[in-house]
1. Looking at the P(r) of the stretch 12-61, how many percent of alpha-carbon pairs lie beyond 15 Å?
2. Among the aspartates and glutamates, which fall within straight-line cross-link reach of residue 84, defined as a Cα-Cα distance under 14 Å, with same-chain neighbours fewer than 8 residues apart omitted?
3. Counting pairs of alpha carbon atoms under 8 Å apart in space and at least six apart in sequence, what relative contact order in percent does the chain give?
4. With the Cα gyration tensor of the chain in hand, give its eigenvalues times 5 under a square root as the equivalent ellipsoid semi-axes, listed largest first in whole angstrom.
5. Please list, ordered by chain and number, the residues whose modelled amide H lies under 5 Å from the amide H of residue 11; skip anything fewer than 5 residues away on the same chain.
6. What 222 nm value per residue comes from the helices of the chain, counting each DSSP H run with n ≥ 4 as -39,500 (n - 2.57) and dividing by all residues, nearest 500 deg cm²/dmol?
7. Give a quick list of trypsin sites (Lys or Arg not before Pro) in the stretch 1-58 that DSSP marks as loop, anything other than H, G, I, E or B, with at most 14 other Cβ atoms within 10 Å.
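Just so it is clear, none of the values below were taken in a lab; they were calculated from the coordinates. Quantities reported herein were computed from a predicted structural model and do not represent experimental measurements. Glycine gets a Cβ as well: all are built from the backbone with ideal geometry, and neighbour counts include every protein chain shown.
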Amino acid sequence: MFRGGVVTVYVSDMDRAVRFYTDALGFKLVERHGNNWASIDGGPGLSIGLHPATPQIAAGRQGSIAIGLYLDGAIDQAVVDLKKRGVEFSGPVLDDTALRLAYFADPDGNPFYLAEMKPAYR
């Protein structure tokens, strides 16, 4: 029935958002339609659509969305690499039973987390 989908993130500044998603996170810009829409390839199975905020839908509203990024390497190295690109994390890497997590946000405050599965749970 479905062939895929997209996570739409509402942003306040399209240029700034595209730079963050491509330069800081290293994702690929697939297409951009001025300040109306940008499609970002987030890797296998993840498409991110950037849409300008509207009076009805504010950018960065906490609690309404979180984008999780699964890692194929060590989370500690990913945190170091992303910090070098200007990504600010909200605290230390958290150690859960099955995985390790690190939280950050895009320039509008939309929440993200990195997730590294522990070997016993892979």
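1. Numbers: 518 of 1225 pairs.
Value for the stretch 12-61: 42 percent of Cα pairs lie more than 15 Å apart.
2. 23, 76
3. Values: 213 pairs, mean separation 29.4, N = 122.
Across the chain, relative contact order equals 24 percent.
4. 25, 16, 14
5. Close amide H contacts, sequence-distant or interchain: 51, 53.
6. -3500 deg cm²/dmol
7. 3
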